[in-house]
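In what follows, a single structure is set out as structure tokens and then discussed.
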Ligand SMILES: Cc1cc2nc3c(=O)[nH]c(=O)nc-3n(C[C@H](O)[C@H](O)[C@H](O)COP(=O)(O)OP(=O)(O)OC[C@H]3O[C@@H](n4cnc5c(N)ncnc54)[C@H](O)[C@@H]3O)c2cc1C
Ligand SMILES: Cc1cc2nc3c(=O)[nH]c(=O)nc-3n(C[C@H](O)[C@H](O)[C@H](O)COP(=O)(O)OP(=O)(O)OC[C@H]3O[C@@H](n4cnc5c(N)ncnc54)[C@H](O)[C@@H]3O)c2cc1C
């Protein structure tokens, strides 16, 4: 029985800074990492495998360098890794990404439970998980922070706007994992060694039962039309001085703005 | 992708198209092999999902009606509200007073609480039947759960967490602008050949229109056949016991690592109380354990839209700033003149918060006292 974890390689966006002179993203030396949410998803899967048996399979769709995050996952304890890599997969939006992942997961059947991160820190859409579940015709529970797996079903807690829901779904199912769920383990030295020895399965479009019109850019209904940097539209007035002067200035300003 | 103003086309290319705009000699082109479909013409009207909780309208629905009204007016189409629930009395009228021309109601016991299987079935069926051009949902936990399920079932595009929506005049396409890369960049997304064009819209950004009781509209019930639509079962529901309601606060005084501990936050709470406002924090005080996570503003906290936001001892990283874009006036108090918060503020005070804030409290109280006399 398989526990599938979908992982994505992302630039470490927390390290990204805007160059205040050119107003561009400074991306030099920004490392590629496993999407942080996916580390929590993997940790959840590893714990369940240790409890219930089976094997953890990590799957990523990306360029060949995405192999790095699969190696990290193997080092943490995943049993096998699949890289979906094909120039035809490029430019996929969430619909085409989830379609391609669904085709791969069908090939890995039977699966027990599929884990995704709640969202990726680059694309930030949180859409791949629910869309993947829909392609596979499975129930999904999003934003899970507590999970119990029984023989035929799962119980999960998801946070909504102002309440928590305790939700049950039959297996197989898909969950997207929130970062409050657990503390991901660090790879051990032994794990690293094992990861380097474990072969990675690479599948291209040819290996999957897919419609070429549904993958990559061709299969993507959305198009990025323009990318730009957020402009802070505020006309900042900055004052220096002693506390007395500064507080007088602010109180006067707030009074003028009718905020007192 | 664009790095340091230079277009880099490599294996990581996502065909985002940014390079095409940038190339000075039009050397780069994107072959989008677009499949022409004229079916898009059949689709018309702007729809918004009116999220309810305990049979009451959530605020985000009214915000969607506000922006939806603008889009529908430009396209000269109808604005349609969608209500799903078990008891919807009075809600459709309210939606009409806030801008809807028509409201579709699906009333069914299975829709009492949000459940993604039943809600997906109901919304998809209605969309297939009526063929709207645009469908907007709030980027709330439930909206972001429902929208991708519906979009995948309809096999159409979905743009996440938009902060800007407009109509491209030449094509009539919806221009959907959203932050990505943790708020470091903005992207404008289109769905040129698929309908409906779907988007989730970040709460607190769009403005609701004031209610106009004189507005009239059409209220329709859709005969939805109950069935085994549910994919999950809701076992129980538990309030998160929110002590704070930052989303609705008019005035917010926020503290960061510079507050230096619970006592510092206490001082800021005092300023907040003096101003009739609420205390909030950046992530640092939450991580330090000084305060509960409910108070956090930013990417992984709350998005706020107060009239006044006073940031004290907050450096102003992008993850914090994305939460305060909707604030009318931002004041920053920080002793480091180079702190990025100053670029995002209307008024900046370079100095020590422990010296400035007590003086502010005294001076504001003095003014308030004078007013009462
Ligand atoms: C600036 C920008 C804006 C974009 N906006 C949109 C948009 O609004 N709508 C849209 O449809 N597409 C959009 N895209 C495309 C989108 O980012 C990609 O389709 C991406 O592959 C998946 O989306 P995500 O990063 O948001 O993932 P999310 O949906 O946030 O990811 C959730 C989880 O899905 C799994 N997952 C995601 N991608 C992969 C993968 N490649 N391999 C394995 N598992 C994966 C992981 O478990 C991850 O934690 C945008 C792209 C860019 C560059
Ligand atoms: C995925 C992710 C999500 C995140 N989400 C959020 C989020 O939702 N919200 C959020 O806020 N952060 C978030 N963060 C964290 C964010 O990157 C920053 O680490 C955090 O906002 C820093 O908090 P700070 O500004 O209070 O602290 P610091 O960056 O340490 O800044 C403290 C500031 O206080 C000033 N200061 C110190 N003493 C004084 C004094 N006596 N008087 C005046 N000024 C003083 C200093 O000059 C400094 O500018 C997120 C990070 C990640 C990776």
**Request:** Mind checking the full-extension length gain between residue B:168 and residue B:270? Use 0.36 nm per residue of separation minus the Cα-Cα distance, one decimal, nm.
**Result:** 31.9 nm
**Message:** Ignoring everything except DSSP H segments at least 4 long, calculate the 222 nm mean residue ellipticity for chain A; use -39,500 (n - 2.57) per segment, divide by total residues, nearest 500.
**Reply:** -8500 deg cm²/dmol
**Asked** Per-residue ellipticity at 222 nm for chain B, helices alone: DSSP H runs ≥ 4 residues times -39500 (n - 2.57), over residue total, nearest 500 deg cm²/dmol?
**Response** -8000 deg cm²/dmol
**Fill in**
One finds the C-alpha centres of segment B:190-205 and segment B:345-373 to be spaced, in Å, by 43
**Request:** Please report the relative contact order for segment B:110-234, taking Cα pairs under 8 Å with a sequence separation of at least 6, and give it as a percent rounded to a whole number.
**Result:** 33
**Message:** Taking the number of other C-beta atoms within 10 Å as the exposure measure, put B:229, B:47 in order starting with the fewest.
**Reply:** B:229, B:47
**Message:** As a test, work out the antiparallel percent of DSSP beta bridges whose residues both lie in the protein assembly as shown, rounded to the nearest 5.
**Reply:** 35
**Asked** Per-residue mean of other chain beta-carbon atoms within 10 angstrom of the beta-carbon, peptide A:92-99?
**Response** 4
**Message:** I need the shape label for segment A:2-214. Rule: rounded when a/c is under 1.5, else prolate if a/b > b/c, else oblate, with a, b, c from the alpha carbon gyration tensor.
**Reply:** rounded
**Message:** If I take every Cα pair under 8 Å that is 6 or more residues apart in chain A, average their sequence separation and divide by the length, what percent do I get for the relative contact order?
**Reply:** 23
**Request:** Translational diffusion coefficient, Stokes-Einstein: compute it for segment B:185-305 using the Kirkwood radius over C-alpha pairs as Rh, at 10 °C and 1.306 mPa s, and state it as an integer in µm² s⁻¹.
**Result:** 83
**Complete:** So, with points 7 Å from each Cα along the Cβ direction, the residue A:65-residue B:287 label distance in nm works out to 2.6
**Request:** Please tell me the relative contact order of chain B in percent, rounded to the nearest whole number, where contacts are Cα pairs under 8 Å and at least six residues apart.
**Result:** 13
**Request:** Kindly state, to the nearest 0.05, the FRET efficiency for residue B:225 paired with residue B:42, given R0 = 22 Å and r defined as their beta-carbon distance.
**Result:** 0.35
**Prompt:** Which one of A:32, A:64, A:162 has the biggest mean-square fluctuation once chain A is modelled by GNM with Cα springs under 10 Å?
**Reply:** A:162
**Message:** Please report the antiparallel percentage of the DSSP beta bridges confined to segment B:61-183, to the nearest 5.
**Reply:** 40
**Request:** Sorted from largest down, give the three principal axis spans of the alpha carbons of segment B:246-372, whole angstrom values.
**Result:** 41, 30, 28
**Item:** Residues A:39, A:6, B:105, B:44, sorted so that the one with the fewest Cβ neighbours within 10 Å comes first
**Value:** B:44, B:105, A:39, A:6
**Message:** At 0.890 mPa s and 25 °C, plugging the Kirkwood radius over alpha-carbon pairs of chain B into Stokes-Einstein gives what diffusion coefficient in µm²/s?
**Reply:** 106
**Message:** Quick check: convex hull of the Cα atoms in segment B:37-228, volume per residue, rounded to a whole Å³?
**Reply:** 114
**Prompt:** Once both labels are modelled 7 Å past Cα along the beta-carbon direction, what's the residue B:155-residue A:155 spacing in nm?
**Reply:** 3.9
**Request:** Could you tell me the largest-minus-smallest coordinate of the C-alpha atoms of segment A:144-260 on each of the three principal axes, in descending order and whole angstroms?
**Result:** 69, 39, 37
**Request:** Report the extension gain between residue B:372 and residue B:73 in nm, rounded to one decimal, defined as 0.36 nm multiplied by the number of residues separating them, less their alpha carbon distance.
**Result:** 103.0 nm
**Complete:** As a percent rounded to 5, the proportion of antiparallel DSSP bridges among beta bridges in chain B is 20
**Prompt:** What is the mean number of Cβ atoms from other protein chains located within 10 Å of the Cβ atom of each residue in peptide B:139-147, rounded to a whole number?
**Reply:** 5
**Cα-based radius of gyration of the protein assembly as shown once divided by 2.2 N^0.38 Å, which approximates compact folds** = 0.98
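None of the figures in this text is laboratory data; all of them are computed from the coordinates on show. None of the values given here were measured: they were computed from a predicted structure. Cβ: placed from backbone, ideal geometry, glycine included. Neighbour counts: every protein chain shown.
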